[in-house]
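This report refers to the structure that appears directly beneath it.
The values are calculated or read from the model by the stated rules, or taken from the named source; none is laboratory data. Model, not experiment: these values are computed from the prediction. For neighbour counting, all protein chains shown are included, and Cβ atoms are generated from backbone atoms with ideal geometry for every residue, glycine included. When the accessible area is computed, the model is the full protein with side chains, heavy atoms only, and any ligands, DNA or RNA have been set aside. Shrake-Rupley method; radii C 1.70, N 1.55, O 1.52, S 1.80 Å.
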Amino acid sequence: MGQVDLGRQAALLLLADGRLPAGGYAHSGGLEPAVIAGRVRNMADLEAFLTGRAQTAGLVAAAFAAAACARASRDDLAALPELEAEFDARIPSPELRKVSRDLGRQLQRAMGSIHPHRYFSALGRAPHQPLVMGVAASVLGLGPQDAALAILHDNNAGAAAAAKLMRVDPFEVHAILARATGPLDDLARRAAETADADPADLPAPSAPLADIAAEHHRRADARLFAS
Amino acid sequence: MRDSLLPDPSPRGLARAIGAMFAHASVSSELAANGHSSQIGNLRSDGPLVLRKSNPKGPEPLTHRDPGVARVMLAAGTAGPLGGDGYRFDVHVGAGSTMVLTEASALLLLPGISGARSRFAINITVEAGATLVWWAEPIIAAQHCNHHHEVRISLAPSARMILREEMILGRHGETPGDFTSRLRITRDGAPLYDQQLEFGPKAAGFDGAAVLGAARATGSVIAVDPAWQDAPPQAQPYHPQAVLTPLAGPGVAIAAVAPDSLELRNLLTQGLQYLGPPWAI
């Protein structure tokens, strides 16, 4: 379960592509707030930021994407509201809950238009992004691990925003992303392992500085990215 | 028989660590016969977990100097927990009663000789119309410790609660051992707050700018009040390293990271002031 079906790899690439018109380009995944707060100043800071974020918010999103995918794949959409409530409980910051729902709504709209399916309208008005990703993966014939990997990649790719926020060599930024590929695969596997677990037992690692910075960012006068 | 209730120190069925200690303490409060003051029902200390009825020790949110509440203090009967130890603590706040639970000292997590993990599981139930104030002291993760801390709180829809948790990353001048924690609060069975924290040598990226950065202390105050159902407090990023956030239900989380325990305590107390009376101290 969760292995990439060789016939569906193109679908996974489509879902994880930063050019998918789902609004991801407007977000830096918390990087801009961290740069503004002076906590990310160089490449080492950037790599530690991305690692910590993938292990916390990344893993939570991946676990919920995998869980939503597993449920959609067995036509169990009635289980999604419980996942929504559990996901809400894992995000103390109202700003980050809003960002997740904004991105979810945009992904829902994009996928509903690109690849119409009744599941997308059944998701409600502003579903959380990982749940939409899980359902989208399922609709495209992908499995829980693919859904997890797609959202981990999507979140991590926001690091490319570093080129707009800091004085950096874009090749160095992508060298960091290349080093992160192994850990992202590991996280996707972990997320897939809990895809069928009781939602109450899904991972819930916190990222206190990301929560704090997100609330400051919302009130910032000048910003390039929405989050 | 009693051991089956305790957190299993060896999930893979390995032998217990040498000298490992297991303890199971519990406390409950109930409404007194007069219908307005609260009293302690059951009070069971066990080994390192020493429970004592107490008097006000310092300022408390919600119930400051209120003589009608049931006050209990948790004190340490031994050092630790050390690696391999398993503690369990059950708290039951009976319908309509108010319990103020304080602690006499910080909890120092120390390594055991075999490197085994220590565990502390705390289960709390707050019944209808009841109030819990849990004003805990810091948890200090000493170098080479290996600890899992788990707090599960089940609230009735009309229950109120405030708690403080503070984690210190190592004693003075040392790096922390491996620490994981989970705090899960449900209200009427539905999830309200669920957060894990992980730091130490095994936690990749915990010292990065998304999680704790260079901070040596982190903590939060969680408050739940059914009166916030319709009008929750507004988000308040009141300090570069601290924020007050309304949860998705009638609750608030105040989170802070700080260079040391004193600054952490100051930041959390400062956040409390934004909640106004009776929550502020």
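Miscellaneous remarks
- Heavy-atom accessible area order for A:118, B:184, B:65, largest first, 1.4 Å probe: B:65, A:118, B:184
- Mean ellipticity per residue at 222 nm, deg cm²/dmol - from DSSP H runs of n ≥ 4 across the protein assembly as shown, formula -39500 (n - 2.57): -9500 deg cm²/dmol
- Inter-part distance where region B:177-195 and region B:57-136 are each reduced to a Cα centre, Å: 16
- Averaging 1/r across all pairs of distinct Cα atoms in the protein assembly as shown and inverting the result yields a Kirkwood radius of 23.6 Å.
- In the protein assembly as shown, a dipole from Cβ-located charges (positive for Lys and Arg, negative for Asp and Glu) runs towards its positive end, and of A:176, B:79, B:253 it is B:253 whose Cα lies farthest in that direction.
- Per residue, the accessible area of the protein assembly as shown comes to 41 Å² when a 1.4 Å probe rolls over the protein heavy atoms.
- Note on the protein assembly as shown: antiparallel DSSP beta bridges, both residues inside, total approximately 45 percent of the bridges counted.
- Per-residue accessible area (protein heavy atoms, 1.4 Å probe) orders B:144, A:128 as B:144, A:128, starting from the largest.
- With Cα atoms, 0 to 90° folded angle of helix A:208-218 axis to chain A main axis: 80
- Solvent-accessible area lost in complex, 50 Å² minimum, residues of region A:78-94 relative to chain alone, 1.4 Å: A:89, A:92
- Rolling a 1.4 Å probe over the protein heavy atoms of the protein assembly as shown, with every protein chain left in place, gives an accessible area that is 53 percent carbon and sulfur.
- Degrees separating the helix A:170-193 axis from the principal Cα axis of chain A, which is the longest one: 30
- Estimated translational D of chain B in µm²/s (Stokes, Kirkwood radius over Cα pairs; 37 °C; 0.692 mPa s): 171
- Accessible area buried between chains B and A, both sides summed, probe 1.4 Å, in Å² to nearest 100: 2600
- Reduction of at least 20 Å² in accessible surface, 1.4 Å probe, comparing all protein chains with the chain by itself, residues of region A:24-59: A:39, A:48, A:49, A:51, A:52, A:55
- Hydrodynamic radius by Kirkwood, which averages 1/r over all alpha carbon pairs of region B:140-281, in angstrom: 15.8
- Ranking A:211, B:207, B:66 by solvent-accessible area of protein heavy atoms (1.4 Å probe, all protein chains present), from largest to smallest, gives B:207, B:66, A:211.
- Rounded to 10°, Cα long-axis angle of helix A:94-114 versus longest principal axis of chain A: 50
- C-alpha center-to-center spacing [region B:240-254, region A:77-139] in angstrom: 23
- For residue B:120, solvent-accessible area (1.4 Å; no DNA, RNA or ligand), Å²: 10
- P(r) tail fraction, region B:119-177 - alpha-carbon pairs more than 18 Å apart, %: 46
- Region A:32-215: Cα Rg divided by the 2.2 N^0.38 Å rule of thumb: 1.01
- Checking every one of the GluC sites (Glu not before Pro) in region B:150-204 against DSSP loop status and a limit of 14 other Cβ atoms within 10 Å picks out B:174.
- 10 Å Cβ neighbours from other chains, averaged over peptide B:197-205: 4
- GNM result for chain A, Cα springs below 10 Å: residue of A:175, A:65, A:210 fluctuating most strongly: A:175
- 1.4 Å probe, heavy atoms, protein only - residues of region B:158-193 losing at least 30 Å² accessible area vs chain alone: B:182, B:184, B:191
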